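K.L.:
Please find one structure pasted underneath; my questions will follow.
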Amino acid sequence: MKALVLGNHKAYVEDVPEPQPHGEWVVVKIESTPICGSDKTPFLSETEVRTAGHEGAGVVVKTAGSSRVKEGDRVIINPLSGCGHCDLCLSGNYILCPDKPEFYTHFAQYVLVQDFVLTPLPDDISYDIGSMACCALGPAFRSIKRMNVKAFDTLLITGLGPVGMGATVIAKFLGARVIAVESVPFRQKMAKEIGADFVLNPMDKDINEQIKKAAGADPLLKAIDASGNSAAERLCIDSVQPNGVVAFVGENHSQISICPSDDFIRKNLTLIGSWHYDINDREEMYALLRHCENVGRLVTDVYGFSQVQEAFDKFMGGDTCKVILKPWE
């Protein structure tokens, strides 16, 4: 089968053996596999990486005694893995499992994956749209549900990459007002097209005042950072009013300055983090995929494996939202 190798600003295809099922591990033929923002790191790596890619949708083609799926099942292939036995795995939050086994790349024609990580994909939802349930929508979906975002709320979203754009789509679907903060012109334009009420540039010196003006008389109590940028995270904390909630979903492995008293105690502020959504909430996710027409607009580019270098070059340029790869093209 064909699988991708990333590294040194290059992406190319190599031939590798097809995986074989065993126990709870089944083989899925991948039909759609999106590029995630975290795939930038292996693409830029100075060494070759063969483990990138962790989103997708496809069809089960081989099993070895699985009681959860059967050959021919259409599935969403959720990210990463879990032990399958701890409370986190059994509760639907397997991605938080502290004892994850080896994970196999989804940038391939076939992937070996645990059956409990798979979500059934209804026949009326395409593979491309089904794959949006992973990183495009999953982290923001979980945050928005935990914050109880609803109609008449005002939500601040910083960072309008695929995850932030997904947050915008969900929030508007629920009827909320969205103040989007993004510096890339392509993404500013797209945010307006999918319904963001205000699109502001974080490079403006008076960005804090612009956010206050955009919120107007309505309380700004909810914010999501999808950029992973320390300044944007700080902006969210500073912008929400007392009793507010801030969600961090953009990966940031550095540190930001926080004052527990001023930022949290005296504002009664809540800070949450969301890595992925609870897969037991799949019926709500299906409803979003079916009825929110803007989910499909998140897919801006589709490339076959034969165009993988072009696909990554386009993604790295920033003038995209979700880029989907087709392993069989």
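K.L.:
Under the condition of being over 20 Å from the mean Cα position of the chain (by Cα) and closer than 30 Å to residue 329 by Cα, which residue from the range 90-113 is surrounded by the most Cβ atoms within 10 Å (Cβ to Cβ)?
P.N.:
So, considering only residues that are over 20 Å from the mean Cα position of the chain (by Cα) and closer than 30 Å to residue 329 by Cα, the one surrounded by the most Cβ atoms within 10 Å (Cβ to Cβ) is 110.
K.L.:
Name the helices (runs of 4 or more DSSP H) wholly inside the range 66-167 in which the number of residues that are under 19 Å from residue 23 (Cα atoms) is 2 or more.
P.N.:
Answer list for the range 66-167: 87-90.
K.L.:
Then there's this: Identify the single condition in (1) modelled with pLDDT under 95; (2) closer than 20 Å to residue 135 by Cα; (3) not basic (Lys, Arg) that residue 263 does not satisfy, given that it satisfies every other one.
P.N.:
Evaluating residue 263 over (1) modelled with pLDDT under 95; (2) closer than 20 Å to residue 135 by Cα; (3) not basic (Lys, Arg) leaves (2) as the failure.
K.L.:
Need pairs with beta-carbon distance below 8 Å; first residue under 23 Å from residue 213 (Cβ atoms) and within the range 138-166, second assigned to a helix (DSSP H, G or I) and hydroxyl-bearing (Ser, Thr, Tyr); sequence gap 6+ or separate chains.
P.N.:
Close Cβ pairs satisfying both conditions: 156/239; 157/168; 160/168.
K.L.:
Give 267, 212, 222 a once-over and let me know the one that is of a type in the set (Lys, Arg) and touching a residue at least 60 places away in the same chain (Cβ under 8 Å).
P.N.:
The unique qualifying residue is 222.
K.L.:
In the range 100-116, what residues are out of contact with any helix residue (DSSP H, G or I) (no Cβ under 9 Å at 6 or more places or on another chain) and farther than 15 Å from residue 52 by Cβ?
P.N.:
Within the range 100-116, 101, 110, 112, 113, 115 qualify.
K.L.:
Here's something else I'd like to know. So, of the residues in the range 61-82 that are farther than 14 Å from residue 29 by Cα and loosely packed, with under 15 Cβ neighbours inside 10 Å, which turns out to be modelled with the lowest pLDDT?
P.N.:
65
K.L.:
Hey, another quick one. Please verify whether the range 29-46 includes one or more residues that are assigned to a loop (DSSP other than H, G, I, E, B), over 25 Å from residue 299 (Cα atoms) and either free of Cβ contacts under 8 Å to residues at least 12 places away in the same chain or of a type in the set (S, T, N, Q) (or both).
P.N.:
Checked the range 29-46: at least one residue is assigned to a loop (DSSP other than H, G, I, E, B), over 25 Å from residue 299 (Cα atoms) and either free of Cβ contacts under 8 Å to residues at least 12 places away in the same chain or of a type in the set (S, T, N, Q) (or both).
The values are calculated or read from the model by the stated rules, or taken from the named source; none is laboratory data. Remember, it's a predicted structure, so these values are computed and weren't measured experimentally. Using ideal geometry, Cβ is built from the backbone for each residue, glycine included, and neighbour counts are taken over all protein chains shown.
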